[in-house]
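Presented below is the structure to which this report refers.
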Amino acid sequence: MPGLGEGEAYEAYVTPPLQIEIPGLKSYDVAAAILKTDHFNLSNFVGMPIHGLLGYEFFNNLAVKLDFSDSTITVYRPKDNRSFKKGARIPLSIEDHKPYVQALVSLPNGTQQQCKLVVDLGAGHPVSLENMIKKHGLPQKFISANLGVGLNGPISGFLSRIDEIDIGKFKMKGVITSFPNDYDAETMKYLPVKRDGNLGVGILKRFTVVLDYHDNAMYLKPNLTYSEPFEHDMSGMEYYAGGEGLKHIIVSRVESGSPADEVGIEKDDEIVSVNFKSLQKMSLEEVDALFKSKDERSLLLEVFHDHKYDKVIITLKRRI
């Protein structure tokens with residue numbers, strides 16, 4: 001199957017229909033695919049055991065409410081989803097078993113473009129815009145980055161900001177945006193539905209969200225994080241959770257010239273503590289929040305490097 005990423009498509013087994021149970025709900029005859037190899041390493045990127053993904057057949061039969069403020073999912077029969085009608089209704093189109101939304105994107109060069117975005121609950125970024133580099137070039141300020149893992153392997157590209165994205169009545173400014181390399185976006189030509197990118201959890205988590213495929217709608221209600229500025233990692237490190245219990249933070253990449261590079265942190269180092277607080281007592285989300293907390297903030301890190309423990313002071317720097 002084609003998709004974003006560098007490499008060949010992954011192979012998977014298709015299983016007979018399954019029965020899936022979550023507390024208070026039982027689903028029957030759910031189609032499933034099992035990858036021959038765990039290429040995505042979701043558990044390492046999220047910092048908790050991940051065994052699989054829920055897809056179209058789950059969302060198609062239910063109205064699903066996502067409350068990011070308390071990390072809960074509530075499911076309704078679509079006819080019972082009256083309580084959330086006070087949320088702003090955003091039209092969805094369901095194509096090839098995926099939900100798409102229209103958004104108006106304002107680029108730093110003054111260009112505005114109506115974009116068709118797939119609603120992607122598996123994407124941690126706010127928004128990704130595909131095939132934009134060829135059309136409009138990159139914004140003036142950007143950094144190279146690994147953008148995640150797609151169906152065909154790692155996705156490389158750049159991170160920058162767009163001036164604004166408008167979704168229904170909601171206007172969000174200075175949004176951190178992923179720009180996959182053009183050779184990644186070439187793959188989009190072969191996908192059954194043409195699109196301009198995807199809308200990820202970096203935006204959706206600022207709302208309580210209801211996805212109602214039966215009504216062809218997404219309902220959005222801002223939560224307390226709606227007005228917070230969009231920030232990206234200010235350390236220059238990419239890392240994952242590994243080791244026993246996924247409690248060890250291992251550096252997978254260091255951007256050249258970044259604050260982490262300047263203090264000598266290298267790939268495969270382990271970040272043991274920040275300001276004397278053990279990272280084994282923190283979630284990966286809490287670690288992320290520390291490293292994008294404030295421009296020019298200094299942090300004392302304990303690092304396991306070259307078979308010994310070192311202490312370094314890193315000064316965060318807003319890079320985009």
Exercise. Looking only at residues in segment 124-167 that are of a type in the set (S, T, N, Q) and modelled with pLDDT of 85 or more, which one is nearest to D196 (Cα to Cα)?
Worked result: S128
Exercise. Counting only residues that are touching a strand residue (DSSP E or B) at 6+ places or on another chain (Cβ under 7 Å) and at pLDDT below 70, which one in segment 15-38 is farthest from T74 (Cα to Cα)?
Worked result: K36
For this session: Please give the number of the condition L246 fails out of (1) out of contact with any Ser or Thr (no Cβ under 7 Å at 6 or more places or on another chain); (2) touching a residue at least 40 places away in the same chain (Cβ under 8 Å); (3) over 23 Å from I176 (Cα atoms).
Result: (1)
Exercise. How about segment 292-307: which of its residues are assigned to a strand (DSSP E or B) and modelled with pLDDT under 95?
Worked result: H305
Exercise. How many residues, within segment 237-291, are assigned to a strand (DSSP E or B) and of a type in the set (S, T, Y)?
Worked result: 5
For this session: Examine segment 215-224 for a residue that is more than 24 Å from V118 (Cβ to Cβ), in contact (Cβ under 8 Å) with a residue 24 or more places away in the chain and either assigned to a strand (DSSP E or B) or not hydroxyl-bearing (S, T, Y) (or both), and state whether such a residue exists.
Result: yes
Exercise. Looking only at segment 90-124, which residues are in a loop (DSSP other than H, G, I, E, B) and farther than 15 Å from E164 by Cα?
Worked result: L92, D96, H97, D120, L121, G122, A123, G124
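The values are calculated or read from the model by the stated rules, or taken from the named source; none is laboratory data. Remember, it's a predicted structure, so these values are computed and weren't measured experimentally. Cβ sites come from the backbone with ideal geometry, for glycine too, and all protein chains shown count toward neighbours.
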